[in-house]
Amino acid sequence: MNRIIVVDDESDILDILRENLERPNLDVLTAQSGKEALKLLKMAPIDIVISDVMMPEMSGLELAEKITEQQGRAPYLIYITASSIPPKDLYAAGADACLPKPIDLDLLASMVEHFIKRNKQSHILAYGSRSDQEHLEHIIVQAQSILQLEESKTAAENILKRAYLMKKT
């Protein structure tokens with residue numbers, strides 16, 4: 001089962017996102033702070049983080065760093081924000097996607113499904129029966145497809161980093 005965590009200091013947003021994202025193959029956890037999210041993450045690893053950027057005590061950027069340290073691999077990261085931080089800065093900090101508030105719920109659900117599919121492909125890469133050469137070829141094809149879809153160069157770099165980290169563990 002895939003597991004995601006939604007982190008936002010506004011409880012109304014958490015409720016709306018949890019209701020919108022719940023599916024039979026998806027365990028949706030919620031937390032109102034970065035500290036609460038880190039406590040939940042000690043129970044089991046997660047596949048996708050959906051986090052507000054600006055929160056009291058710990059920002060979404062700080063949370064992402066701590067999650068990576070705690071899990072030993074980088075989960076997919078979707079930032080939701082009403083802040084004036086340019087999206088290019090969020091991508092440079094490791095975001096796989098960014099959504100402005102108010103959140104387009106259909107777009108967010110599509111992004112989650114997209115990252116779940118990518119996660120399955122990465123899982124095959126890390127644990128499948130392919131040779132190292134086949135692993136490398138698959139990673140290159142995945143990064144090239146991102147660039148062909150005109151997604152950011154940083155998104156392709158994030159996939160390569162994620163594959164590298166998964167291979168190390």
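Quick note: the coordinates plus some simple rules give every number you see, no bench work behind them. Note that the structure is a prediction, hence the values are computed from the model and not measured. With ideal geometry, Cβ positions are generated from the backbone for all residues, glycine too; neighbour counts draw on all protein chains shown.
Tell me, yes or no, whether segment 23-38 has at least one residue that is in contact with a Gly (Cβ under 6 Å, 6 or more places away or on another chain) and of a type outside the set (Lys, Arg).
Among the residues of segment 23-38, not one is in contact with a Gly (Cβ under 6 Å, 6 or more places away or on another chain) and of a type outside the set (Lys, Arg), which makes the answer no.
Which members of segment 84-93 meet the condition of being touching a strand residue (DSSP E or B) at 6+ places or on another chain (Cβ under 9 Å) and farther than 24 Å from residue 46 by Cα?
Passing the criteria: only 85.
Would it be correct to say that residue 107 is over 15 Å from residue 38 (Cα atoms), over 11 Å from the mean Cα position of the chain (by Cα) and part of a helix (DSSP H, G or I)?
Criteria met by residue 107.
Which residue is surrounded by the most Cβ atoms within 10 Å (Cβ to Cβ), if the candidates are limited to segment 36-59 and must be within 15 Å of residue 3 (Cβ to Cβ) and charged (D, E, K, R)?
47
For segment 60-83, which residues satisfy the criterion of being of a type in the set (Gly, Ala, Ser) and buried (at least 19 other Cβ atoms within 10 Å of the Cβ)?
Scanning segment 60-83 gives 60, 64, 74.
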